[in-house]
1. Condition test on residue 163, is it within 26 Å of residue 235 (Cα to Cα) and among the hydrophobic types (A, V, I, L, M, F, W, C)?
2. Limited to the stretch 221-244, what total is found for residues that are under 16 Å from residue 199 (Cα atoms) and modelled with pLDDT under 85?
3. Could you tell me how many of the residues in the stretch 182-229 are of a type in the set (Ser, Thr, Tyr), open to solvent by less than 30 Å² (accessible area, probe 1.4 Å) and under 13 Å from residue 243 (Cβ atoms)?
4. Do any helices (runs of 4 or more DSSP H) lying entirely in the stretch 72-128 carry at least 1 residues that are among the polar types (S, T, N, Q) and open to solvent by 70 Å² or more (accessible area, probe 1.4 Å), and which ones are they?
5. Tally up the residues in the stretch 154-177 that are in a loop (DSSP other than H, G, I, E, B) and open to solvent by 60 Å² or more (accessible area, probe 1.4 Å), please.
Amino acid sequence: MPIIAILHLLVAIFFINHAYRTGRPQYWYFVLLSLPLVGSIAYICFELLPEAGQSRRGREVKRGITDIVAPDRAFHRLHDEARSRDTVDTKQALALECERKSMWEEAARLYQAAAQGIYAHDTPLLVGLARSQLNGGDAERALGTLEMLRAAHPELDDQDAHLIYARCLEDQGRIADAESEYSQLSGYYIGLEARTRYAQFLQRNGHSEKARDLFDSVVRASTARGIVLTDADKIWLRIARENI
């Protein structure tokens, strides 16, 4: 038997074992044995790829491929959904996609349109609005949105709103206040963004040694046992490493 045929058969046996262990339909045994190459390809396409697409890593890979092949596909889909179903959820989903594409003005417009009526003081909507306003270059309006949020929810403790607030203070030139907020944030913020931004802040304001120590702590934190890094964390980790 040719070596290639043996390899195809071994691959088919591997997939048969996988099908048995994972409770796949028994007809795969016949398909894989009778058609080693074609059967293996079919098993991958109809069993493994759909399953991988449901995992977190699978979704990340799928999204990355989609961004390369059709970078505006998600935007157009969400845009069409928002037009056909004019709801808070569709506006918010489209606003998040606009943020991902750095369309800050459009994102802010969508958040404002969604934050009406009973949703006028909705925390995720107002945080998204403030974030879009700040990233769009309007820290003053972002601070106003955060003040509205604070007035509506005096006991609110939202780490993302807190980070936006610290960034607004820095943008407004309130350096001492911003440093105080960044310092508080770095102690409890889940993720690597707050500490990395604080280190950047220190670096911009002449505290290079302290900034370097903080960048180093970000890198160490990324290797802690059990930590799961998000896509955003990986970006901030890269920034920290570049500044050590």
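1. On the way: within 26 Å of residue 235 (Cα to Cα): yes; among the hydrophobic types (A, V, I, L, M, F, W, C): yes.
Taking the combined requirement at face value, the residue satisfies it.
2. So the answer is 1.
3. 3
4. On the way: elements: 73-84, 88-100, 104-114.
Qualifying helices (runs of 4 or more DSSP H): 73-84, 104-114.
5. Step one: list which residues in the stretch 154-177 are in a loop (DSSP other than H, G, I, E, B), which gives 154-158, 172-174.
Next, only the ones that are open to solvent by 60 Å² or more (accessible area, probe 1.4 Å) stay: 154-157, 172, 174.
Residues that pass the stated criteria total 6.
The values are calculated or read from the model by the stated rules, or taken from the named source; none is laboratory data. What you are looking at is a predicted structure, and each value in this text was computed from that prediction instead of being measured. Cβ: placed from backbone, ideal geometry, glycine included. Neighbour counts: every protein chain shown. The area values use the complete protein model at the heavy-atom level, side chains included, leaving out ligands, DNA and RNA. Shrake-Rupley method; radii C 1.70, N 1.55, O 1.52, S 1.80 Å.
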